[in-house]
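The structure under discussion appears below in the form of structure tokens.
Please treat every number below as a calculation from the coordinates, not as lab data. These numbers come from a predicted model, not from an experiment. Note: ideal-geometry Cβ built from the backbone for every residue, glycine included; neighbour counts use all protein chains shown.
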Amino acid sequence: MEFSLAHPAIKAFMCGSFSGTCSTLLFQPLDLVKTRLQTLQSGRQPGSGRVGMVTMLMSVVRTERLLGLWKGVSPSFARTIPGVGLYFSTYYSLKQHFFQDSTPGAMGAVLLGGGARTVAGVFMLPVTVIKTRFECGRYGYRSVVGALRSVCQTEGPAALFSGVTATLLRDVPFSGIYVMFYSQTKASLPKEIGDSPSAALAHFGCGILAGVLASVITQPADVVKTQVQVNPQLRTTEAIRCIYVEHGIQGFFRGAVPRSLRRTMMAAMTWTVYENMMAHVGLKS
């Protein structure tokens, strides 16, 4: 079946998958550094000051070489290629069903983004768990399939859905907030900018603004999610308590800088590429 003859939802899936692949490959190092910072047993390493993004980045390069920054890229691809595709196809389908003849307002954008992320987040959670474990450096998995098999055999299939509450508390608000601010700021652009060759750059700027706000608001849930997925014996409430006891309030913002950079740049790039590809195939995103 030719791509031009495919169902619009399939086209949205393909456009989303391609945009997610590009952004994942580019920003994987930031995700790895974020996970390493969040899974440190304490905020300090022996003989050093407080560990920050740059310190962790140099530590990974020194001990695992430059390619070590892309550790976990295989499960990231396994999650992103179908996950982002599923997100955008669900988003497109929901938008066509509920807002076919109108432009969604702020609340409509929140519901569209949150609904699409709920579907993609739950469906791709097992691969998300494996990705987090690859990145933290504590597990010796050799492949995504091998890791999935190992978890099922040693911990049971339920472990593949560890952190589902924290994941949804992170991803659903992030997507809802992001889509709302992105769509609203993009709609507020002067018409001459939206129709100009620099429209893609302007949309990218709108994405960055939306991503910063959404990242900061959902950072605590991301820290909790990481702890539960790396330590599956912890429940969400136990993870919250452990983080607070060991690190205080600031513990819920560990890894905030690399995560904000990655999520902001990745979301802005993904949406920009997606919308341009959708326009190229003759569909309104």
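Which whole-number percent gives the relative contact order of the stretch 3-280, counting Cα pairs below 8 Å spaced six or more residues apart?
Numbers: 388 pairs, mean separation 74.1, N = 278.
27 percent.
Nearest 500 deg cm²/dmol is fine: what mean residue ellipticity at 222 nm does the chain get from its DSSP H runs of n ≥ 4 alone, each adding -39,500 (n - 2.57), divided by its residue count? Can you show the working numbers first?
Details: 11 runs with 207 residues, N = 285.
It comes out at -25000 deg cm²/dmol, rounded to the nearest 500.
For the chain, just the Cα atoms, rotate onto the principal axes and tell me the three extents in Å, largest first.
Reported extents, whole Å, longest axis first: 57, 39, 36.
In whole Å, what is the distance between the alpha-carbon centres of the stretch 232-277 and the stretch 10-28?
20 Å
Among Glu192, Glu135, Glu238, which comes first, second and so on when ranked by fewest other beta-carbon atoms within 10 Å?
Values: Glu192 8, Glu135 25, Glu238 14.
Arranged by neighbour count, lowest to highest, Glu192, Glu135, Glu238 become Glu192, Glu238, Glu135.
Identify, among Met14, Gly108, Ser260, the residue whose Cα sits farthest towards the positive end of the charge dipole of the chain, taking +1 on the Cβ of Lys and Arg and -1 on the Cβ of Asp and Glu, with the dipole about the Cα centre.
In the chain, that residue is Ser260.
For the stretch 121-273, count the residues as N, evaluate 2.2 N^0.38 Å, and divide the Cα radius of gyration by that value, please. Don't skip to the answer; put the middle values down first.
Numbers: Rg = 18.1 Å, N = 153, 2.2 N^0.38 = 14.9 Å.
The reported ratio for this selection is 1.21.
Of Val223, Val119, Val172, which has the largest mean-square fluctuation in a 10 Å C-alpha GNM of the chain?
The residue with the greatest mean-square fluctuation here is Val119.
Please compare each pair in Lys34/Lys225; Lys11/Lys95; Lys11/Lys225; Lys34/Lys186; Lys34/Lys131 to a cut-off of 23 Å on the Cα-Cα distance and tell me which ones are over it. Numbers along the way, then the final one.
Values: Lys34/Lys225 12 Å; Lys11/Lys95 15 Å; Lys11/Lys225 32 Å; Lys34/Lys186 29 Å; Lys34/Lys131 13 Å.
Exceeds cut-off: Lys11/Lys225; Lys34/Lys186.
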